1. How large is the helix-only mean residue ellipticity at 222 nm for the protein assembly as shown, computed as the sum of -39500 (n - 2.57) over DSSP H runs with n ≥ 4, divided by its residue count, in deg cm²/dmol to the nearest 500?
2. For peptide B:114-120, compute the average count of partner chain beta-carbon atoms within 10 Å of each residue's beta-carbon.
3. Along the positive direction of the dipole of chain A (beta-carbon charges: Lys, Arg +1; Asp, Glu -1; about the Cα centre), which of A:V70, A:A231, A:I159 reaches farthest?
4. Going by how many other beta carbons lie within 10 Å of each one, how would you line up B:H123, A:H219, fewest first?
5. Give me, ordered by chain and number, the residues 5 or more places off A:L55 or on other chains with an amide H under 5 Å from its own placed amide H.
6. Going by C-beta contacts inside 10 Å, put A:L146, A:L261 in order with the fewest on the left.
7. Give me the percent of DSSP beta bridges within the protein assembly as shown that run antiparallel, rounded to the nearest 5.
8. Take A:F333, A:F194 and order them by how many other Cβ atoms sit within 10 Å, fewest up front.
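None of the figures in this text is laboratory data; all of them are computed from the coordinates on show. Worth saying up front: this structure is predicted, and the values here are computed from it rather than measured. Virtual Cβ from ideal backbone geometry, glycine too; neighbours counted across all protein chains shown.
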Amino acid sequence: MTILRPIFYLALLAFIIAAPFIAPDFRTQLATLWIFIILSMTWDMTGGQMGYNSLGNILFYGAGMYIAAVVGISIAYNVGEYTNAAGGGIYKFTDTQYFLGMALGLIAAGVLCAGIAWVLGYLLFGLRGPYFAIGTLGAAIAAGELVSNWEWVGGGQGIALPVFPGDDYENAKLFFYYLFAVTGVVLFIFLRWFYTTRFAAAINAIRDDEEKAEAMGLHTLRYKLITWSIAAFFVGIAGGISGYQLIHFEPLETAFQTINLGIFMVVCVLLGGKGTLWGPIIGAILFHVVKEVTWNYLLGWQWVALGALIVITVVYFQDGLMGWLARVKPEWFGERVTEKPALAGEPAE
Amino acid sequence: MTKIIEVNGVSKSYGGVKANTDISIEVEKGGITGLIGPNGSGKTTLFNSIVGYHPIDSGSIKFEGQEISKKPVQDIARLGLLRTFQQTRIYGDMNCVENMLISMPHRKMTIREAFTTNTRADHDRAEHLLDFVGLYEKRFLRSGSLSFGQQKLLEFAMALMNEPTVLLLDEPTAGINPTLINGLIDRLKRANSEFGITLFIIEHNMRVIMNMADRIYCLAHGELLAAGSPTEIQGDQRVVDAYLGAH
């Protein structure tokens, strides 16, 4: 088992690197899959591990998209003039401007989204259970509406970013695939370690019985703020990359897409099994495959099929795949009765 | 002996019900203090007031000389004043060892330390304490699958893991198999003598509390009825009347 583990991870890494060449026609699809994986894993940090079901994480995706775009544009041009659709200006970016702008934009997106989560958390973490879900949903919808009325960032028109340099757009597809993949792999490595820390144990305690956790002297609010901020950091970066990948985006349907991606990430986690490391990833892959298959073969009924999948998951399969496994095979998850070896200095009962 | 908890003239009412009226008690550092009284006499209300679960109407509560009656629950817990619950509260979906490791004293931890993995010593301490309360064999079972009595023992072990200065126990022996009670009394006494934890205990089982406490307070109808050593309390006619309903 211990020898198999590194082999498994190496094989997985090799597959991730090779995937866009194994299936060259699906490069953009695979990049989108990474968005699902990143958003599911970060949603699970609060939803699965901490017991705070946010329906508003899409806010960080949208905010990240806008922050990365605005920062990326502003290193070369005035943002207000650039986004003014009536201005009719033509704006060219050199390669350096493009990549430097994107790099700075992604960093800013991560950091500022973490900051937004911190401030929003102060306001919203007083709410529990469904009230938190509705509160965050409201925040995400409000953010979308605010941005769509903000002319400086293009209002309802959104922003059109510069196109990836070079003539062969396959290069851009590969570039964005790997950018997402690196973010996802870094996030996975981070979470694999994060879930072994005392900090993660504390957020699990908040999920299982927050009042008890408070009575045991845990810094509950501080831990909740930090967890959500870390999640928002990664979501912000993913949103920022998406913006550059999409080239053009607008506030309500693309950036702050509450009813699409905002709900999909929750369904992915429920499908895979919340509160586990692998559940969100497996769920994201399953969901993405089902979604694409229905789009191809059930066109016209795809939303019905997707809605049915969501209803079935929520009503009959809430624990998800990993939760179901833990129920039928508890011994795989370390549950056992052990005989007691004599501990030094302890009298036997 | 110094007073570690000083409750002075505390009153608390829920609407028209006066749960506590002008109660003054003192808990001595390093000792075992008992709190008895018939059902509905205001014992748990007093506990809740001390640990900050609700604001009090009047009076003052001091912990190590510091006024705590206006502080929220977490702040008081972080001072080292911990309570267990009458209706046991554990993290039911985790196993016993995980429950113990979560109960590490986070108040003594910096954020940097929180972002580290538990050490071998932490695991040993958790297992040692589980052994101390007799749950060693069941340490990898989901704690929600344990019996009520075992969950109480686990909650007690978790409280010890947290290294409190004072531990408020709300009916530690309720629901525990009578043959295990003697073992529990012994463990509570050892927690007091070996770990130096001051205990303040609500208890209905007279044999238990008379066996352990240095000093006992008796509440009735939300008022302080009597205070004294176990022998004094046992001989107090008002206490006997309160329990047998002579009012």
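1. Values: 24 runs with 327 residues, N = 596.
Computed mean residue ellipticity for the protein assembly as shown: -17500 deg cm²/dmol.
2. On the way: counts 11, 7, 4, 7, 4, 1, 0.
The per-residue average across the peptide is 5.
3. So the residue furthest toward the plus end is A:A231.
4. Values: B:H123 13, A:H219 19.
In increasing order of surrounding Cβ atoms, one gets B:H123, A:H219.
5. A:T136, A:L137
6. Numbers: A:L146 11, A:L261 22.
With the sparsest Cβ surroundings first, the list reads A:L146, A:L261.
7. Details: 24 of 40 bridges.
Expressed as a percentage, antiparallel bridges in the protein assembly as shown total about 60.
8. Working: A:F333 15, A:F194 18.
So the ranking, lowest neighbour count to highest, is A:F333, A:F194.
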